[in-house]
Amino acid sequence: LLFQYSKIASLADRLGFCEMDPIAAQVHKAVEIMKTAVLIYNNNMIVTRSETFIVLAVIAWTYLLHARFAQEDIEPVYKNADGTQMMIEGKPKFWDLGYCISQPRSSLTSGERNNLKYIIAIRNEVEHRSYEDINADVQSKLQATALNFLRYAKGHFGSKFDFSHDLAFT
């Protein structure tokens, strides 16, 4: 009953039936991106599924950590030397994932932090230097990334963000 209630409450939030605060909206967005990453990873017809998963997982984790900082009344925006917000094309420059994970208030475990450092390193390698198939080499790390994300989302934002029954990670 409680699982079904949390699923219905989450769906009602996403569909706009309930008032949703900006933090919950950010977490919903992060969860949807991670679910998309897992769906793509599970598609054996896509050769670059690991690379695509990594890019989407970095975005999902960044959104999730930004929501966590907002929950802690921390504005995750880079600052200029004078304390003003750093701007890019007229918009605040938000912290990247590498900077987010270095912040003690992120509440990440050392295992989560190490996994995310690994994912960022692989993303950088793929983005700048690698053209080989990495699917078999990174499978366990990608699974850990998804499981850590699920645990973090549920632990910091509640069971309504539990998507473990929506899909599997193959």
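The values are calculated or read from the model by the stated rules, or taken from the named source; none is laboratory data. Treat the numbers as computed from the prediction; the structure is a model and nothing was measured. FYI the Cβ positions are ideal-geometry reconstructions off the backbone, even for glycines, and counts take in every protein chain you see. The area values use the complete protein model at the heavy-atom level, side chains included, leaving out ligands, DNA and RNA. Shrake-Rupley method; radii C 1.70, N 1.55, O 1.52, S 1.80 Å.
Tally the residues that are polar (S, T, N, Q) and outside any helix (DSSP H, G or I), restricting the search to region 62-110.
First, the residues of region 62-110 that are polar (S, T, N, Q): 62, 71, 80, 84-85, 102-103, 106-107, 109-110.
Now restrict to residues that are outside any helix (DSSP H, G or I): 80, 84-85, 102-103, 107, 109.
Number satisfying all stated conditions: 7.
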### Task
Quickly run through region 64-110 and pick out the residues that are open to solvent by less than 40 Å² (accessible area, probe 1.4 Å), of a type in the set (D, E, K, R) and in contact with a Lys or Arg (Cβ under 6 Å, 6 or more places away or on another chain).
none
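Select from region 111-142 the residues that are outside any helix (DSSP H, G or I) and open to solvent by less than 20 Å² (accessible area, probe 1.4 Å) and write down the one among them that is nearest to Asn42 (Cα to Cα).
Keep residues of region 111-142 that are outside any helix (DSSP H, G or I), which gives 129-134.
If we keep only those that are open to solvent by less than 20 Å² (accessible area, probe 1.4 Å) too, we end up with 130, 134.
On the way: Ser130: 22, Ile134: 15 Å.
Ranking the qualifying residues of region 111-142, first place goes to Ile134.
Considering only residues that are under 15 Å from His28 (Cβ atoms) and assigned to a loop (DSSP other than H, G, I, E, B), which ones fall in region 146-170? Before you say what the answer is, go through the steps one by one.
Here is the first cut: in region 146-170, the residues under 15 Å from His28 (Cβ atoms) are 149-150, 152-154, 156-163, 166.
Hits for region 146-170 are Gly158, Asp162, Phe163, Asp166.
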### Query
Tally time: how many residues in region 39-63 are crowded, with 19+ Cβ neighbours inside 10 Å and either free of Cβ contacts under 8 Å to residues at least 12 places away in the same chain or in contact with a Lys or Arg (Cβ under 9 Å, 6 or more places away or on another chain) (or both)?
7
